[in-house]
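Visitor: Starting off with a structure, shown below.
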Amino acid sequence: MTRATESLTPELYEYLVAHSAPVDDVLGELAEETARLFPDSLVMQIGPEQGTFMTLLARLMGAHDAVEVGTFTGYSSICLARGLPADGTVLACDISEEWTSVARRYWQRAGIASKVTLKLAPALDTLRSLPAGPMFDLAFIDADKEGYVGYWDELVPRIRPGGALLVDNTFSHGRVVDPSITDASVQGIRDFNDHALADSRVELVMLPIGDGLTLARKKA
Ligand SMILES: C[S@@+](CC[C@H](N)C(=O)[O-])C[C@H]1O[C@@H](n2cnc3c(N)ncnc32)[C@H](O)[C@@H]1O
């Protein structure tokens, strides 16, 4: 017996995916098209079990308004939008016209396009331009890692009490615990992880989903 999380062998990961809600054709085709168009960038897309987790979380919370920092070809935004009611909203922030043009097509195909507003601009500018008070139930941060602390500081005040923030790649593919790695992206994640843990406005847990997913709840 152990109290630690199991290490995932490829077989166990396959089993986990096979025993979670199956991915539908739209998300399956989006993953395939992303792999075909942008093979070197596919690693940026969240995995199927993470997407399902995000949909279920949004639904369980009764979230209505969500914001995403880092949209790429749209996989995670579709998963968020699917967890919201018909009149729910997703503010999707990115800087790439090329990548988000794929997202736009798949938002239509997924039938959630009316929920999504895309802002093509540096996300820090987009967030700073929003009203200062609580306006979102759920945030997902998944963009440039050096920017995480800045995104967090803009987002926490804009999350409603009892709302949540999800932050991706908080393991940095295991590099967070290798002191010999000092590049800006890994250090950005380390700085973020320390910053969020010390933030008394939230309570949080780091989950071993994908490349590490931090889930924080904004205190009332
Ligand atoms: C890891 S990908 C997002 C993956 C996406 N969440 C998914 O599941 O498919 C990171 C995205 O952040 C975007 N990005 C990078 N720097 C940014 C910035 N300063 N402001 C907004 N978006 C940015 C990139 O263009 C890229 O699409």
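The values are calculated or read from the model by the stated rules, or taken from the named source; none is laboratory data. From a predicted model like this one, the values you see are computed outputs, not experimental measurements. Cβ sites come from the backbone with ideal geometry, for glycine too, and all protein chains shown count toward neighbours. Quick note on the areas: whole protein, heavy atoms, side chains included, nothing else; ligands and nucleic acids left out. Shrake-Rupley method; radii C 1.70, N 1.55, O 1.52, S 1.80 Å.
Visitor: Compute the accessible area per residue over the chain, keeping the other protein chains in place, probe 1.4 Å, unit Å².
Guide: With the other protein chains kept in place, the chain gives 50 Å² per residue.
Visitor: What fraction of the DSSP beta bridges in segment 10-218 is antiparallel, stated in percent and rounded to the nearest 5?
Guide: In segment 10-218, DSSP labels about 35 percent of beta bridges as antiparallel.
Visitor: Between Leu42 and Glu203, what's the calculated FRET efficiency when r is the beta-carbon distance and R0 is 30 Å? Round to 0.05.
Guide: 0.35
Visitor: If the viscosity is 0.692 mPa s and the temperature 37 °C, what translational diffusion coefficient in µm²/s does Stokes-Einstein give for segment 10-218 when Rh comes from Kirkwood over Cα pairs?
Guide: 191
Visitor: With the crude spin-label approximation of a point 7 Å out along Cα→Cβ, what separation in nm comes out for Glu29 versus Asp191?
Guide: Simple spin-label model gives 4.2 nm for this pair.
Visitor: Hey, another quick one. Could you work out the helix-only [θ] at 222 nm for the chain, with each DSSP H run of four or more residues adding -39,500 (n - 2.57) and the total divided by the number of residues, to the nearest 500 deg cm²/dmol? Show your work: numbers first, answer last.
Guide: Details: 8 runs with 86 residues, N = 220.
Dividing the helical sum by the residues of the chain leaves -11500 deg cm²/dmol.
Visitor: Could you work out how much longer the chain between Asp87 and Thr9 gets when fully extended? Use 0.36 nm per residue separation minus the Cα distance between them, nm to one decimal.
Guide: Taking 0.36 nm per residue and subtracting the Cα distance, the gain is 24.0 nm.
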